[in-house]
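Encoded as structure tokens, the structure appears first; notes follow it.
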């Protein structure tokens, strides 16, 4: 939410559809679905490519603690785009990393990943996404590090 | 893209989703518990798509002036400038002023990309993940979590007198925890899996564990030693086996992805199950 407010200084404007209420309803539904779906296909293609090209087991062997490891796992979460129902099981397997670094992985994953970035670029425009995605990443990493420092 | 085309495309995608949801196709990609949501989503898309097609057809027969009269003048002027009555998604943030992305300027245009997975589904018809994916699996290993209740297994065995059926994932869990390893050692259990590699002395079994969809599938394996028949990769088998603690890697190594070793008791070739994956929960 913080990243959203920081990244978008412009006011919302209403949709501009013509026709009766039900025409506007179905046209908006169909257009919104096609737009989100199209960008989802784009994002999923990128994710599938990254998952094939980037070999996570090499990262796993690196391991470690501290800020470097946290940023590495944050980047891994963005690249792999694992859904939030599955990432806990993957994080549990990242034994070589500190608990704080794994918390960063779990926090960044649902907030910023390739398919979300593609969909945000489609819905809000590229300029907004260029501000929004990095801000969200920094805030997610920062809050995970803070909580990790305090609790873990 | 005209509203009619957009409606047609939406109905087409919805129809495919509905088809996948009402056949076992959906099980190649998603957990079985997702099926009702897939069917509901397909229905909504088909209805909305067809409604948009019908309304576009009816609006086309209506005189243009009546349509224009129902919206503010500014919006109409904008529509005429844009050359269509599609809304500009990037407008909401004023991005079109400083150069909107070309794709976002035509919201339904990018929607045609949805045909891509449909064409792949029709022409490539990807099957369930199997031996090929297993031999190329470089992903993260799923850490077996929790312990296997070997006591309950043994009780079930003593009551029914048969060999208990367990998941490959449960076997791995039992083998990866110091608490359950010794207890599981030598106990006959039966698992269903596909053949990854097969020689005269080794039969490596594989099964993918899914937590929500095939995209997060993780491989679990058992290395079965004995004198098995040599089978082709991807053959589905029901194998009775016994965990061999002495020859298995250590518990912590199995947590990190090492393959537990079992002694072969019996192997039977079976038909591929309709749900090819094991599920982490639910």
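Any read-out appearing in this document is the output of simple, stated calculations on the displayed coordinates, not a laboratory observation. Because the structure is a prediction, the values reported are computed rather than measured. Don't worry about glycine lacking a Cβ; one is built from the backbone with ideal geometry, like all the others, and counts go over all protein chains shown.
Enter the mean projected area of the convex hull around the alpha-carbon atoms of segment A:67-152, in nm², rounded to one decimal.
For segment A:67-152, the mean projected area of the Cα convex hull comes to 5.3 nm².
Evaluate E = 1/(1 + (r/R0)^6) for residue B:201 and residue A:84, where r is the Cβ-Cβ distance and R0 equals 41 Å; express this FRET efficiency to the nearest 0.05.
0.45
In nm, to one decimal, how far is the modelled label at residue B:47 from the one at residue A:45, with both set 7 Å along Cα→Cβ?
Rounded to a tenth, the inter-label distance reads 3.2 nm.
How much length, in nm to one decimal, is gained on full extension between residue B:123 and residue B:227, taken as 0.36 nm per residue of separation minus their Cα-Cα distance?
Extra length available between residue B:123 and residue B:227 comes to 33.4 nm.
Please work out the Cα center distance from segment A:80-113 to segment A:123-145, rounded to the nearest Å.
Here the two parts' Cα centres lie 17 Å apart.
Taking neighbour Cβ counts within 10 Å as the exposure measure, how do B:55, A:119, A:130 sort from fewest upward?
By the 10 Å Cβ count, ascending: A:130, A:119, B:55.
Using packing as a proxy for protection, rank B:269-275, B:187-193 so that the peptide with the highest average count of other Cβ atoms within 10 Å comes first.
Ranking, from highest mean packing down: B:187-193, B:269-275.
Among B:57, B:236, which comes first, second and so on when ranked by fewest other beta-carbon atoms within 10 Å?
B:57, B:236
Taking the Cβ-Cβ separation of residue B:58 and residue A:151 as r and a Förster radius of 45 Å, what is the calculated FRET efficiency to the nearest 0.05?
0.15
May I ask you to derive the FRET efficiency for residue B:19 and residue B:246 from their Cβ-Cβ distance with R0 = 56 Å, giving the value to the nearest 0.05?
0.65
Could you give the distance between the Cα centres of segment B:252-273 and segment B:146-197, to the whole Å?
Taking the Cα centre of segment B:146-197 as reference, the centre of segment B:252-273 is 11 Å away.
Only Cα pairs under 8 Å and at least 6 apart count here; give the relative contact order of segment B:189-282 as a rounded whole percent.
It comes to 32 percent, rounded to a whole number.
Where the Cα atoms of segment B:174-282 are projected onto their three principal axes, how long is each span, largest first, in whole Å?
Largest to smallest, the principal-axis extents are 34, 32, 19 Å.
If you take the Cα Rg of segment B:178-228 and divide it by 2.2 N^0.38 Å, with N the number of residues, what do you get?
Normalised by 2.2 N^0.38 Å, the Cα Rg of segment B:178-228 equals 1.38.
For peptide B:236-242, how many partner chain Cβ atoms fall within 10 Å of a residue's Cβ, on average?
0
Taking the convex hull of the alpha carbon atoms in chain A, what volume per residue do you get, in Å³?
Roughly 128 Å³ of hull volume per residue.
Take every Cα pair under 8 Å in chain A that's 6+ residues apart, average their separations, divide by the length, and report that relative contact order as a whole percent.
30
So what is the calculated 222 nm ellipticity per residue for chain A, using -39500 (n - 2.57) for each DSSP H run with n of 4 or more, over all residues, to the nearest 500 deg cm²/dmol?
Only helices count here, giving -25500 deg cm²/dmol.
For the modelled label position 7 Å from the Cα of residue B:265 along Cα-to-Cβ, which residues of segment B:190-228 have backbone nitrogen atoms closer than 11 Å?
Residues passing the 11 Å test: B:190-191.
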